[in-house]
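Asker: The structure's right below; bear with me while I get my questions together.
Each value in this text was obtained by applying a stated rule to the coordinates, not by laboratory testing. This one's a predicted model, so the numbers in the text were calculated from it and none came from an experiment. Here the Cβ positions follow ideal geometry from the backbone for every residue, glycine too, while neighbour counts run over all protein chains shown.
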Amino acid sequence: MAHNPKFGPFAQTPQQRAHVLRQMLIVRENMGLKTPARAQALYQRYVAGELSWQEVCDLLAAPSALPSPVPFGSDRQLL
């Protein structure tokens with residue numbers, strides 16, 4: 001198997017990526033942290049090899065595509 005530089009040395013196969021992800025999720029759970037649905041979907045794409053871990057982190061850190069809410073009493077009009 002050829003080394004894919006997109007993934008670390010212990011995350012070359014979907015099985016390896018799933019194992020690493022399970023370990024990380026256990027730690028998060030033990031810390032009382034929940035995993036949002038958006039993150040779960042990105043994690044699945046990571047395991048499938050569609051995204052690198054860096055891409056997952058970048059997407060999670062990016063602001064949502066939803067517009068920011070209009071503050072109550074704002075003079076901004078909704079279109």
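Asker: Using the basic label-point model (7 angstrom from Cα toward the beta carbon), what is the Val27 to Ala48 distance in nanometres?
Answerer: Here the modelled spin labels are 2.6 nm apart.
Asker: Next question, about the same structure. So if each residue of separation counts as 0.36 nm, and I subtract the Cα-Cα distance between Lys6 and Ala39, what length gain in nm does that give?
Answerer: This chain segment gains 10.0 nm when fully extended.
Asker: Can I ask one more? Viscosity 1.567 mPa s, temperature 4 °C: give me the Stokes-Einstein translational D for region 1-41 in µm²/s, with Rh taken as the Kirkwood radius over C-alpha pairs.
Answerer: After rounding, the answer is 112 µm²/s.
Asker: Also, I was wondering about something else. 7 Å from Cα along Cα→Cβ at both Gln16 and Asp58: what's the point-to-point distance in nm?
Answerer: Going by the 7 Å Cα→Cβ label model, 2.2 nm.
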